[in-house]
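Comments concern the structure below.
No lab work stands behind these numbers, since they all come straight from the coordinates. From a predicted model like this one, the values you see are computed outputs, not experimental measurements.
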Amino acid sequence: MENLTKAKVESLRKKLPVPLLRPSHFAKLVGMAPATVTTLMDRGELPVVRLSPNIPGKRPARYINLVALFELCQTEGEAWLSGFSLSTDSFKH
């Protein structure tokens with residue numbers, strides 16, 4: 001994945017009101033079970049940010065990185081769509 005420029009990050013920030021989401025909130029928004037989202041995070045299929053609290057013994061919290069997910073969707077979507085050709089014949093009645 002290419003590095004994000006400052007202008008691109010600012011553009012994404014305007015499109016995405018919150019750059020990080022808790023897995024449970026993300027699951028609700030996309031209509032998935034929270035366990036499915038956790039599995040996708042564990043497999044590395046969803047970009048994750050770990051934030052460690054300054055409290056001894058407390059585990060780091062994991063959040064979905066929406067900016068990285070947006071970038072991944074753009075890159076993967078373009079690559080996926082490049083394998084298809086659109087035929088207008090399928091639109092004829």
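Numbers at a glance
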{"read-out": "Theoretical gain in end-to-end length, Thr36 to Arg22 [0.36 nm per residue, Cα-Cα removed]", "value": "3.7 nm"}
{"read-out": "Amide H contacts under 5 Å for Leu20, placed H, 5+ residues apart", "value": "Leu66"}
{"read-out": "Cα point-scatterer Debye curve for the range 29-69, base-10 log of I(q)/I(0) at q = 0.14, 0.25, 0.32 Å⁻¹", "value": "-0.37, -0.90, -1.11"}
